[in-house]
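See below for the structure under consideration.
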Amino acid sequence: MESQLAQLNRDYIINKENYEKLIGRREAAKLSGELSSTTEMMAFKIIDPPTVQYAPVGPNRPLLFSAALGVALVAGVATALLISQVRPTFLSPAELRDATGLSVLGTVSMNWTALQQVRRRRARNAFGACLGSLFVLYGGVMTAALLKF
């Protein structure tokens with residue numbers, strides 16, 4: 001009797017393992033069937049194929065360069081004006097008298113030495129050269145930008 005019980009338990013375990021394998025296969029088949037039916041429902045069709053543009057997409061470079069130069073020049077002039085308003089200077093005794101309402105007893109004129117005059121002239125020339133090279137470089141950049149179009 002014990003041998004029959006042991007044989008039945010072995011048969012039961014084998015049948016249970018086979019049953020679980022079959023259930024797993026059935027579920028896998030069901031899932032793959034569902035996937036194939038859903039992919040048939042969602043078919044993608046390309047209507048317009050992608051194309052490559054020959055001209056680069058981006059901002060209008062000449063307009064951008066011109067706007068940047070204009071903003072930089074306006075910002076420089078505005079900064080100079082702001083500094084002159086924060087630290088005002090008076091060029092004549094009459095301006096000082098009108099601004100303060102006090103009488104002016106005397107003035108001290110500026111006497112530039114020869115070395116100071118040379119330095120001021122060099123500074124003006126350097127400023128002019130920098131401003132001229134800015135416009136020359138702007139012209140070169142604009143020419144390069146227009147040739148690319």
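The values are calculated or read from the model by the stated rules, or taken from the named source; none is laboratory data. Since the model is a prediction, treat every value here as computed from it, not as a measurement. Here the Cβ is made from the backbone with ideal geometry for all residues, glycine too, and neighbour counts use every protein chain on show. Quick note on the areas: whole protein, heavy atoms, side chains included, nothing else; ligands and nucleic acids left out. Shrake-Rupley method; radii C 1.70, N 1.55, O 1.52, S 1.80 Å.
Things to note:
- Counting charges near residue 114 (Lys, Arg +1; Asp, Glu -1) among other residues having Cβ under 15 Å from its Cβ returns a value of +4.
- Calculated [θ] (222 nm, deg cm²/dmol) that DSSP helices of n ≥ 4 give over the chain, each run adding -39,500 (n - 2.57): -26000 deg cm²/dmol
- Rounded to 10°, Cα long-axis angle of helix 61-86 versus longest principal axis of the chain: 50 degrees
- Dimensionless Rg ratio for segment 2-149, taking C-alpha atoms and the 2.2 N^0.38 Å reference: 3.01
- Mean accessible surface per residue for the chain, computed with a 1.4 Å probe while every protein chain stays in place, in Å²: 93 Å²
- Residue 125/residue 64 FRET efficiency (R0 25 Å; Cβ-Cβ; nearest 0.05): 0.20
- Helix 2-41 and the longest principal axis of the Cα set of the chain meet at an angle near 40°.
- Total formal charge among the other residues, if their Cβ is under 14 angstrom from that of residue 9, Lys/Arg +1 and Asp/Glu -1: -1
- Share of carbon and sulfur in the accessible heavy-atom surface of segment 60-99 [1.4 Å probe, %]: 71 percent
- What the Cβ-Cβ distance of residue 48 and residue 144 gives, at R0 = 35 Å and to the nearest 0.05, is a FRET efficiency of 0.50.
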